[in-house]
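Scroll down for the structure; my scribbles are underneath it.
The values are calculated or read from the model by the stated rules, or taken from the named source; none is laboratory data. Treat the numbers as computed from the prediction; the structure is a model and nothing was measured. So basically every Cβ, Gly included, is an ideal-geometry build from the backbone, and we count neighbours across all protein chains shown.
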Amino acid sequence: MATTQVAEAWPVLVTLPAHIDITNADNVREQVSAALKPGVRIVVADMTGTTFCDTSGVRALLVARHRAARNDAELRLFRPGAAVMRMMELMGADPFVTVCASLKDALTL
């Protein structure tokens, strides 16, 4: 009897832009969502260079997080700045995102 093994993909790292606002939020959402290939269980959004994120950017990240959950995957945010986290707090989105301070934590399966 043959067994079928499904190889799990490594976590995928997506680098986000310095500013996320209404002009590029749709692109950010699609970029993160596109990383959700079959077998991918973790998508890490590298926000180390992101200094600004408005409400449309937070919504885009939440939609991408929802898409990840539907695919049995997880979206993790790697080092979002204080201004980004403040916007998430103001919108009440911070409890819904996983924030990692180290890349090792973000990439751990």
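Take residue 63 and decide whether it is out of contact with any strand residue (DSSP E or B) (no Cβ under 6 Å at 6 or more places or on another chain) and either surrounded by 14 or more Cβ atoms within 10 Å (Cβ to Cβ) or in a helix (DSSP H, G or I) (or both).
Numbers: out of contact with any strand residue (DSSP E or B) (no Cβ under 6 Å at 6 or more places or on another chain): yes; either surrounded by 14 or more Cβ atoms within 10 Å (Cβ to Cβ) or in a helix (DSSP H, G or I) (or both): yes.
For residue 63, the condition - out of contact with any strand residue (DSSP E or B) (no Cβ under 6 Å at 6 or more places or on another chain) and either surrounded by 14 or more Cβ atoms within 10 Å (Cβ to Cβ) or in a helix (DSSP H, G or I) (or both) - is met.
Looking at 41, 29, 79, 65, which is the one that is at positive phi and either within 12 Å of the chain's Cα centre (by Cα) or among the hydrophobic types (A, V, I, L, M, F, W, C) (or both)?
Numbers: 41 fails: at positive phi; 29 fails: at positive phi; 65 fails: at positive phi.
Checking each option against the conditions leaves just 79.
If you scan the stretch 10-46, which residues turn out to be in contact with a Cys (Cβ under 8 Å, 6 or more places away or on another chain) and within 16 Å of residue 97 (Cβ to Cβ)? Let's see the steps before the verdict.
Within the stretch 10-46, the subset in contact with a Cys (Cβ under 8 Å, 6 or more places away or on another chain) is 19-21, 44.
Hits for the stretch 10-46 are 20, 44.
Is it the case, given these coordinates, that residue 78 is buried (at least 16 other Cβ atoms within 10 Å of the Cβ), modelled with pLDDT of 95 or more and either in contact with a helix residue (DSSP H, G or I) (Cβ under 7 Å, 6 or more places away or on another chain) or farther than 23 Å from residue 9 by Cα (or both)? Explain how you work it out, then say what you get.
Numbers: buried (at least 16 other Cβ atoms within 10 Å of the Cβ): yes; modelled with pLDDT of 95 or more: yes; either in contact with a helix residue (DSSP H, G or I) (Cβ under 7 Å, 6 or more places away or on another chain) or farther than 23 Å from residue 9 by Cα (or both): yes.
Answer is yes for this residue.
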